[in-house]
1. Taking H placed 1.01 Å from N in the peptide plane, check which residues at least 5 places from Y426 or on another chain put their amide H under 5 Å from its amide H.
2. Taking 8 Å as the Cα distance limit and 6 or more residues as the minimum spacing, I'd like the relative contact order of the chain as a percentage.
3. Neighbour counts of other C-beta atoms within 10 Å: give me H427, H320 arranged from fewest to most.
4. Tell me, what HN-Hα J-couplings in whole Hz come from the Karplus equation 6.51 cos²θ - 1.76 cosθ + 1.60 at θ = phi - 60° for each residue of segment 490-507, using x for Gly and Pro?
5. Once you place label points 7 Å from the Cα toward the Cβ at A332 and D463, how far apart are they in nm?
6. What fraction, in whole percent, of alpha-carbon pairs in the chain exceed 42 Å separation?
7. Enter the angle in degrees (range 0 to 90, nearest 10) between the Cα long axis of helix 464-475 and the first principal axis of the Cα atoms of the chain, meaning the one along which they spread out most.
8. Once you charge only the Cβ atoms, +1 for Lys and Arg and -1 for Asp and Glu, what is the size of the charge dipole of segment 5-145 about its Cα centre, to the nearest 20 debye?
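Read the figures in this text as sums done on the coordinates, not as results from a lab. Since the structure is predicted, the reported quantities are computational estimates derived from the model, not experimental observations. FYI the Cβ positions are ideal-geometry reconstructions off the backbone, even for glycines, and counts take in every protein chain you see.
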Amino acid sequence: MSVTVSDLLKLPSLKPARVLAGAGGLSRTVAYVSVLEYANPQILEDDLFPGDTYSGSEIVITGFMNNPADERLQCAVVRRLAEAGEVGLILYYVGVYVPAVPEEMKRIADEKDFVLIQMPENRMDFRYGEAICEIMERIVRDRMVNPAFVNELLEQVSRLPRHQRTVDTMLKMLSERMMASFLLTDGSLRVLNEATWPHSLGKTLRDFLEAGNLPEPEGEADVCINGSDYRLCRVSVKLDQSRRMELFIFREGEPLSRSAVEQAGDAVRLAANIWSTQHETVAVRELVRAILQDEPMKMRRLANIFHIEVAAIHSMVILHGEQEWNDGNSAAVLQRLSDLLNSYFGTVVTDAYEGELVLFMDGPGSLGEEREIQMALEACLAGEDQPCTFTWCNHLADTAAVREAFLLHREYLADARKLFPHKNAYHTREMEFARACRLRIAGGETGLYECQRPLEPIAREKDEACLDTLEVYLLDAQCSYQRAGELLFLHKNTVKYRLNRCSDLVGYHIGDFPDTLPLYHAVAVRRLLRS
């Protein structure tokens with residue numbers, strides 16, 4: 001939850017007011033309220049809102065006391081406030097000081113979704129202070145009841161013009177909300193961005209950082225700066241495997257909770273990854289991270305911001321290389337893979353994650369299509385220096401299933417490759433089978449003996465050639481004499497002779513299921529034990 005303009009209009013002090021224009025912004029979040037009586041847009045530009053930066057999700061109260069009659073300047077002020085990220089204007093004393101609200105002002109407000117609110121005309125008995133007290137009380141109460149704020153801030157930033165979707169904007173929002181100062185540095189502690197509370201504190205805190213009396217990463221310390229006591233929190237902001245930044249949070253008075261500090265670090269990391277110069281690339285990286293960590297709220301927010309239909313994703317392909325994939329060796333490959341998959345599917349998301357390439361898509365619709373795409377992927381990667389294996393995870397119902405499939409792949413791919421060394425494309429079912437075999441091995445001597453007992457009649461003959469042939473026939477050749485002969489460099493009749501002998505020893509025809517199922521598990525565990 002968060003306090004919106006619409007919520008404020010229900011307060012006793014604002015119930016008599018009416019919305020003149022900008023109704024599209026009624027759902028925007030209000031961070032705080034301020035009074036502004038400047039009527040010169042040049043002063044706003046140079047002194048209050050330097051450059052074209054974001055200045056906060058505040059609602060402004062004014063009566064245009066300094067310039068009540070110049071409609072052109074009043075309209076310019078409203079435009080500048082809207083461009084700076086303010087959510088609306090509450091106009092007092094219309095008919096007393098300001099003769100009337102200009103139609104051009106209403107048009108600007110509608111264009112910018114900047115809520116223009118007018119208090120009753122020709123009335124002097126309404127006071128700024130009444131609205132200020134009630135608005136701030138409502139905002140503070142909401143923050144106490146609803147302490148989670150990352151998604152709310154992401155949404156606020158996403159609604160701003162593209163040029164204001166920056167780390168600076170996020171830091172200013174955090175500073176306003178938490179009444180604390182934020183300095184973001186690179187790994188060498190060079191200040192990259194800052195938002196201080198109050199604004200005049202900037203140079204003082206930068207000088208303190210340069211002095212070097214700082215807590216360890218993820219640590220906290222009580223510090224005294226120019227006679228004032230602060231709680232200083234240091235948070236590491238990891239961008240990827242090779243880059244990180246440091247966030248320093250200064251709070252005077254009551255210290256911030258650990259949860260608030262962690263949320264602030266998360267918000268800054270998201271802002272840095274989403275709205276950096278590599279906008280589209282890192283946006284997808286954060287979305288992939290949210291999906292694979294099963295963070296549905298964050299995932300939905302990011303998907304909405306970047307118009308990606310995550311609900312349509314039902315398949316994931318994981319590409320594992322002999323060397324880990326990273327920013328240096330994956331960008332060009334990912335672009336080729338993404339272009340290829342976009343020719344097949346409507347929804348495609350690709351990125352590198354924890355050393356693997358992950359490809360999300362809304363298909364394939366059939367086994368035939370999967371085989372076709374597999375061949376296309378292999379052709380796309382034919383020129384790469386390192387060979388890859390593919391893990392297909394289909395029919396994924398939700399992000400929990402996606403995360404489970406990814407973890408299954410990470411933990412059991414090595415075993416699956418030992419069990420099925422002639423494959424380069426696997427499915428989750430092979431990972432599940434590898435897990436079952438590994439659990440049998442970990443179950444102790446009794447369980448291992450029970451698993452291997454189907455092989456005893458053959459093992460007693462001490463015929464390793466027959467055992468090896470049986471293993472290849474079941475695990476690698478899909479019960480094909482021809483394929484087993486090719487893999488073992490034997491004539492298929494030799495394979496058939498050995499398997500017939502094995503069948504005689506175990507008492508059933510090898511290849512008939514379910515009779516052969518215990519034997520299948522037994523040779524798989526045998527192969528893992530040997531490896």
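1. When sequence neighbours closer than 5 places are left aside, the close amide H contacts are F390, T391, W392.
2. Working: 831 pairs, mean separation 44.9, N = 531.
Relative contact order comes out at 8 percent.
3. On the way: H427 17, H320 22.
If I rank by nearby Cβ atoms, fewest first, I get H427, H320.
4. Listing the rounded values in order: 10, 6, 4, 5, 5, 4, 5, 4, 5, 6, 4, 5, 4, 4, 4, 6, 8, x Hz.
5. About 5.4 nm, to one decimal.
6. Numbers: 59515 of 140715 pairs.
When all Cα pairs of the chain are counted, 42 percent exceed 42 Å.
7. So the inclination is approximately 40 degrees.
8. Values: 15 positive and 22 negative charges, 106 e Å.
Taking the Cα centre of segment 5-145 as origin, the dipole is about 500 debye.
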